[in-house]
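Just so you know, all these numbers are worked out from the coordinates, no wet-lab data involved. Every value quoted in this text rests on a predicted model; they were computed, and no experiment measured them. Don't worry about glycine lacking a Cβ; one is built from the backbone with ideal geometry, like all the others, and counts go over all protein chains shown.
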Amino acid sequence: MKNIIVSNEIYNHTSDLQKFAIGFTQDLEDANDLVQDTFLRAISYSAQFKDGTNLKAWLYTIMRNTFINNYRRNKRIRTFVDTSEDLNSAQLMKSSLQNEGQNLFINDDIFKALDKLEPQYSVPFMRYFEGYKYQEIAEELNIPIGTVKTRIHYARQILKKNLKMYSDGFSQQTVN
């Protein structure tokens, strides 16, 4: 019986929820979708609603969390690489031939910059670069996780400084 009562009370907040949703989405149709998603989640989880709790605040929390989760999901979807371009082997061969010599020089400079790093910075940085998690690096080196993060950050700063000549060149290449 409680679920039915909460379900009916939810619809009394429709106009307030729509205003709140427009603030998030800046679009009426998206706001209506967000309100509907909020209603569905609220009804699905109505058994978890505790009597005496502010229903409107509970609905706002559900809406905010729904919006954030949808935003994160959509952001991940948009970050996928579009491979619809036709990349035939002739185009790839031409591209790789033009860059092969340049890449050798860049790689040499990167390795020289890495060699200049003190071991206390280069070891955590290389472990992170190899795919280890901060916690794994901290356990391996027997140092606090905060120290690992600081050393990796510091190593990045040094490498950026030592390889600055390439960052300017790459930004100009990507514009063209």
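A compact table of results
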item	result
Highest to lowest packing among 40-46, 115-121, scored as the average C-beta count within 10 Å	40-46, 115-121
Cβ-derived FRET efficiency at R0 45 Å, residue 143 paired with residue 53, nearest 0.05	0.50
Cα pair count fraction exceeding 17 Å, expressed as % - the range 18-60	35
Stokes-Einstein translational diffusion, the range 2-78 - Kirkwood Rh over all Cα pairs, 0.890 mPa s, 25 °C, in µm²/s	192
Listed residue pairs exceeding 31 Å between alpha carbons, taken from 50/149; 56/149; 116/149	50/149; 56/149
